[in-house]
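Novice: Below is one structure. I have some questions about it.
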Amino acid sequence: MSDNTFHIRIKKQYAAALIEDLIKVHAVEAIPDEEAIELTEQQKAALDKELVNISSNPDYLLKWNDIKHRFKKP
């Protein structure tokens, strides 16, 4: 069983009905907004700084294949 949590925006009525059906059969769980994790101001500032670095320097981010290669066992 997976413990992943996803936040989604439902854009179509039929999708909302599908989500409701999944909740009824316990395939997904609705989590109230009050259980959502809030970021601290320090965390928000750090993320803002990272976004500036990313937008001003495209090479700031590493390519996924480079990361995989770095951690791949020999």
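Novice: Work out the length of the dipole vector of the chain about its Cα centre, built from +1 on the beta-carbon of each Lys and Arg and -1 on the beta-carbon of each Asp and Glu, and round it to the nearest 20 debye.
Specialist: Details: 11 positive and 13 negative charges, 135 e Å.
In debye, rounded to 20, the chain gives about 640.
Novice: Ok, one more. Round to the nearest 10 and give me the degree value, 0 to 90, for the angle of helix 41-56's Cα axis relative to the longest principal axis of the chain.
Specialist: So the inclination is approximately 60 degrees.
Novice: At most 11 other Cβ atoms within 10 Å and a DSSP loop assignment: could you name the chymotrypsin sites (Phe, Trp or Tyr not before Pro) in segment 4-74 that fit?
Specialist: Of the chymotrypsin sites (Phe, Trp or Tyr not before Pro), the ones in loops of segment 4-74 whose Cβ has at most 11 other Cβ atoms within 10 Å are Phe6.
Novice: Nearest 500 deg cm²/dmol is fine: what mean residue ellipticity at 222 nm does the chain get from its DSSP H runs of n ≥ 4 alone, each adding -39,500 (n - 2.57), divided by its residue count? Don't skip to the end; give the middle numbers.
Specialist: Numbers: 3 runs with 36 residues, N = 74.
Taken over the chain, the calculation gives -15000 deg cm²/dmol.
Novice: Which translational diffusion coefficient, to the nearest whole µm²/s, is obtained for segment 13-71 from the Stokes-Einstein equation, given a Kirkwood hydrodynamic radius over C-alpha pairs, 4 °C and 1.567 mPa s?
Specialist: Numbers: Rh = 15.7 Å.
D, rounded to a whole number, is 82 µm²/s.
Novice: Here is a further query. Pick from Leu62, Leu51, Leu39: which is most flexible by mean-square fluctuation in a GNM of the chain where alpha carbon atoms under 10 Å apart are linked?
Specialist: Fluctuation is largest for Leu62.
All of the numbers you see were taken from the coordinates with simple rules; none came from a lab. Just so it is clear, the model here is predicted, and its values are computed rather than measured. Virtual Cβ from ideal backbone geometry, glycine too; neighbours counted across all protein chains shown.
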